[in-house]
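Input: a single structure, listed below in structure tokens.
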Amino acid sequence: MGFEQIRDYMLALPEVTEEPHFTLTSFRIRGKIFATAPPDHKSLNIFADDMDQERVLAIDPISFEKLWWGAKVVGLKAHIARVDPALILELLKLSWLRKAPNRLKKIHAHII
């Protein structure tokens with residue numbers, strides 16, 4: 001699975017927009033960023049909670065690494081060429097769910 005397929009998945013999630021964010025491309029739900037990508041599209045930064053980070057790193061420490069923001073870990077960096085498609089899509093859905101407002105999650109519960 002390449003970046004374009006991952007991008008298509010993210011943009012198919014309800015109300016997701018793609019916008020510039022400094023030198024990165026960001027994917028947002030109602031203005032809140034849940035993932036970013038550098039211009040080379042070889043990796044994807046996914047804003048995941050601590051539990052999801054630890055679970056994914058235990059499953060696949062080769063394809064994922066901690067995403068640092070200063071002294072704090074804010075998510076995971078996924079190396080697209082190595083990542084399991086099902087795992088990255090699940091992680092993106094969870095990241096979307098973390099950022100989406102509750103009302104929106106209820107409206108789209110049947111597809112999420």
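Just so you know, all these numbers are worked out from the coordinates, no wet-lab data involved. Note that the structure is predicted; figures quoted are calculated from it, not measured. Methodologically, a virtual Cβ is constructed for each residue, glycine included, from the backbone with ideal geometry; neighbour enumeration extends over all protein chains shown.
With everything on Cα atoms, drop me the angle between helix 3-12 and the longest principal axis of the chain, reported from 0 to 90° to the nearest 10. Helix 3-12 sits roughly 20 degrees off the main axis of the chain.
Each Lys and Arg contributes +1 and each Asp and Glu -1, all at the Cβ; summed about the Cα centre of the chain, the dipole is approximately 440 debye.
Restricting to Cα pairs below 8 Å that are 6+ residues apart, what does the relative contact order work out to for the chain? Please round to a whole percent.
Details: 162 pairs, mean separation 25.9, N = 112.
Across the chain, relative contact order equals 23 percent.
The calculated P(r) of region 3-103, using every Cα pair and 5 Å bins from 0, goes 2, 14, 27, 27, 20, 9, 1, 0 in percent.
Seen against the Cα atoms of the chain and their longest principal axis, helix 50-59 is set at about 50 degrees.
Given the rule -39500 (n - 2.57) for each run of at least 4 DSSP H residues, summed and divided by the residues of the chain, what is its mean residue ellipticity at 222 nm, to the nearest 500 deg cm²/dmol? Display every interim value, and only then the final one.
On the way: 4 runs with 41 residues, N = 112.
Result for the chain, helices only: -11000 deg cm²/dmol.
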